[in-house]
């Protein structure tokens with residue numbers, strides 16, 4: 001594993017990975033529209049060798065398997081891979097490794113990722129490694145978040161609780177995290193330098209589903225555990241968490257309709273081809 005990714009590996013192979021494994025059903029539901037878009041953009045995968053980068057709990061691996069692909073999933077998180085192993089029942093090759101340095105025994109026709117390529121400490125080197133894992137002319141397809149300010153699912157919860165939180169250090173530009181690849185021009189340059197051509201970076205807006213039933217309360221519980229609001233509340237006192245929950249109830253109630261709570265999400269859908 002790449003030492004430069006040590007902090008991210010520690011998080012995803014520890015408490016964050018354990019939390020995401022436990023919340024697998026809620027998180028799959030939260031990003032269901034983005035997953036459906038990724039599947040549609042991939043098209044037929046029958047007979048293809050597919051590399052799933054940051055495969056997590058295995059939802060996308062299961063999709064490619066259902067489509068008739070030969071699937072390898074790579075992730076740093078043992079807790080999440082344990083869930084993926086149950087979901088794929090031995091039909092996918094699951095590898096606990098850092099995809100920024102991992103090299104397979106044979107090249108892939110398609111490398112795909114659902115919102116997981118933003119966590120590399122050295123993205124230029126990481127995407128060069130990914131390119132080396134794809135056969136000449138093979139495809140790369142992934143989603144990643146646009147700027148936090150463009151994502152209502154981030155701004156609404158954080159806006160509701162911001163004054164309850166201690167002031168933290170200013171964010172480091174392009175640091176590993178959900179919005180590390182938000183700058184379209186920078187992302188295009190990274191892919192181009194890594195050896196990709198026919199690069200298409202398209203906007204995709206969709207509802208991020210905090211609850212599909214049950215109304216505000218399950219949405220509040222999810223907002224307190226995931227995303228920037230969840231990270232911000234991870235280390236606060238019980239008193240602050242209780243106050244935050246009340247604020248979130250009021251904020252999310254404005255987005256509740258027929259038991260569902262959804263906030264706007266803004267992603268890039270990125271497609272490219274490895275240079276022949």
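The values are calculated or read from the model by the stated rules, or taken from the named source; none is laboratory data. No experiment lies behind these values; they were computed from the predicted model shown. Cβ coordinates were reconstructed from backbone atoms using ideal geometry, including for glycine residues, and neighbour counts include every protein chain displayed.
Figures for the structure shown
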quantity	calculated
Positions within the stretch 211-265 being without any contact (Cβ under 8 Å) to a residue 24 or more places away in the chain, closer than 25 Å to residue 167 by Cα and over 18 Å from the mean Cα position of the chain (by Cα), in sequence order	221, 234, 235, 237, 238, 239, 241, 242, 246
Condition met for residue 76 (buried (at least 20 other Cβ atoms within 10 Å of the Cβ), closer than 25 Å to residue 121 by Cβ and either without any contact (Cβ under 8 Å) to a residue 60 or more places away in the chain or touching a strand residue (DSSP E or B) at 6+ places or on another chain (Cβ under 9 Å) (or both))	yes
Top-ranked residue in the stretch 64-88 [being assigned to a strand (DSSP E or B) and under 18 Å from the mean Cα position of the chain (by Cα); ranked as nearest to residue 17 (Cα to Cα)]	75
Some residue of the stretch 31-54 being surrounded by fewer than 19 Cβ atoms within 10 Å (Cβ to Cβ), within 22 Å of residue 229 (Cα to Cα), under 15 Å from the mean Cα position of the chain (by Cα) and at pLDDT 95 or above	yes
Candidate set: the stretch 89-110, residues that are part of a strand (DSSP E or B) and touching a strand residue (DSSP E or B) at 6+ places or on another chain (Cβ under 6 Å); chosen: the one surrounded by the most Cβ atoms within 10 Å (Cβ to Cβ)	108
In the stretch 34-63, the residues that are under 23 Å from residue 153 (Cβ atoms) and part of a helix (DSSP H, G or I)	34, 35, 36, 37, 38, 39, 40, 41, 59, 60, 63
Those helices (runs of 4 or more DSSP H) lying entirely in the stretch 206-276 with at least 2 residues loosely packed, with under 15 Cβ neighbours inside 10 Å and touching a helix residue (DSSP H, G or I) at 6+ places or on another chain (Cβ under 9 Å)	238-253
Top-ranked residue of the stretch 184-205 - restricted to ones that are over 29 Å from residue 28 (Cα atoms) and out of contact with any helix residue (DSSP H, G or I) (no Cβ under 7 Å at 6 or more places or on another chain), ranked as surrounded by the fewest Cβ atoms within 10 Å (Cβ to Cβ)	185
Hey, residue 157 in a loop (DSSP other than H, G, I, E, B) and either surrounded by 22 or more Cβ atoms within 10 Å (Cβ to Cβ) or at pLDDT below 95 (or both) or not	no
